[in-house]
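Below: the structure, in structure tokens.
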């Protein structure tokens, strides 16, 4: 396995990447440095502890699409082949063949996870894979059912009771956001109600929005708080 890694400015200089907390950005670099030659990491939790990050940073990377997570806790760097080119005489294939088989690859080298879909074309080719439409429809329906089921011990928050948080997540928000917790919950609640948009993880979305707003929130008396239109212009979960 090579001991040197590269990073593309197309990825790490993007607004989507730079909008993340510095701790999430740092975790991305450390995961990439420790990945195998196909971009897989089998010990993300260990790396999180070593560098003093937390699991929220990993959740942000997953939600933003910078890493893909598998059932066994293994992850892969989504843009690995955009970042890295490894010579054939130094390349060592990953040990995680099952995970490789669940991935396809776009023309520019970005990994895509195909869950439960039948790929007609060979995986990890330079072209887009063909997907059995019937299987895809079934996966979409099942996914919708899963997302509509709130996690255990969760409660509804916000003016419109459309923000789903567990007790642990709400306590974590109070610790991180302090007096701004209810402000950010209400902001997301109104935004979802007014736009009809859905989010996979309300907790991570609130954290992301707070990271973008915290400087302005601290200057609330003299500064302008972002409006819904401001959020439409940016990248969010």
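Side notes on the structure shown:
- When peptides 52-59, 35-42, 75-82, 93-100 are ranked by their average number of other Cβ atoms within 10 Å per residue, the highest-first order is 75-82, 35-42, 52-59, 93-100.
- Evaluated over the range 34-86, the Cα radius of gyration and Dmax, each in Å: 10.9, 31
- Two numbers describe the Cα atoms of the range 1-77: Rg and Dmax, which are 11.6, 31 Å.
- Chain lengthening between residue 101 and residue 153 when straightened (0.36 nm per residue, less Cα-Cα): 15.2 nm
None of the figures in this text is laboratory data; all of them are computed from the coordinates on show. In this text, all values refer to a predicted model and were calculated from it rather than measured experimentally. Because the Cβ atoms are built from the backbone with ideal geometry, glycine has one as well, and the counts that use them run over all protein chains shown.
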